[in-house]
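Worksheet: the structure to be examined is printed underneath.
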Amino acid sequence: MFAALLRPVAAAAARTARPTTAAPSTLSTLMTRLSLSTPSAPYVSTVPLLRTGASAFHTSAPRYSTLMQVIRKPRKPKVRKVKSPHLDGCPQKRGVCIKVYTTSPKKPNSAVRKVAKVRLSNGKEVIAYIPGEGHNLQEHSVVLVRGGRVPDLPGVRYHLIRGALDLQGVQGRCNARSKYGVPKPSKE
C-alpha cells in the first residue's frame, strides 16, 4: 500500500533529479529514504495538485448551503431590470403627444434628433424618439409607443411606431419599409 502511494513520487523525483554519485539507484532505496519516521503519521502527498480555471486560486472546497439553511431562508431569484418600465409589461401603449421638439445627442455624435414627450394611456409620461426622416406630429397627436432606447440620447428609452394611429410612415422610403410604416409601392 505504502509502496503504491510512493510510486508517483519516486517517478517524479527520478525525472527531476540530477545525475550525481549520491543519487538513489533503486526504488527500494528511495522508499527507505522517503519513509516516514512514525508509522501513525498521516500520508501527505508531495505531488503538486494541478488545478485549472477559477478554482486555481482557491485552497479549500466550496461551501454549499445545507438543506435546513435553504428551508429557513429560501433562495431569492435574480431580479431582472426592466428596460422600459412605463409600458407595464405590454408590447406597446397608446399615448398623446404633449410636446414635440428636437434635441442634440451626447458626445461624440452631432445631430438634431426629433423626440416627443408622450402621456401614455396609463397616465405616465415618457420621452420617445421619432424614427425616420420627417414626421407629421404635433401636440395632441395620438401615437403608439414601443420600447427601445436611443444610445446617444440620455433618458430616451422608447420609440414611436411609424404608420400607426396619427403618425404617418416615412415618405419615399424603399428599404426596410416595414420598420417605417411604408406600404408596398404600386407597380406602374
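The values are calculated or read from the model by the stated rules, or taken from the named source; none is laboratory data. Given the structure is predicted, the values throughout are model-derived calculations rather than measurements. Please note: Cβ atoms are built from the backbone with ideal geometry, for glycine as well, and neighbour counts cover all protein chains shown.
Within segment 127-135, identify whether any single residue is of a type in the set (G, A, S) and part of a strand (DSSP E or B), and answer yes or no.
Yes; the residues of segment 127-135 include at least one that is of a type in the set (G, A, S) and part of a strand (DSSP E or B).
In segment 154-176, which residue that is among the aliphatic types (A, V, I, L, M) and at pLDDT 95 or above is farthest from K106 (Cα to Cα)?
Within segment 154-176, the match that is farthest from K106 (Cα to Cα) is I161.
The rows are residues; the columns are (1) touching a strand residue (DSSP E or B) at 6+ places or on another chain (Cβ under 7 Å); (2) surrounded by 12 or more Cβ atoms within 10 Å (Cβ to Cβ).
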site: S60; (1), (2): no, no
site: R72; (1), (2): no, no
site: H86; (1), (2): yes, yes
site: C90; (1), (2): no, yes
site: P105; (1), (2): yes, yes
site: N109; (1), (2): no, no
site: V118; (1), (2): yes, yes
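Only one of these is on the phi > 0 side of the Ramachandran plot, buried (at least 17 other Cβ atoms within 10 Å of the Cβ) and touching a residue at least 12 places away in the same chain (Cβ under 8 Å): G163, G148. Name it.
Within the list G163, G148, the selection yields G163.
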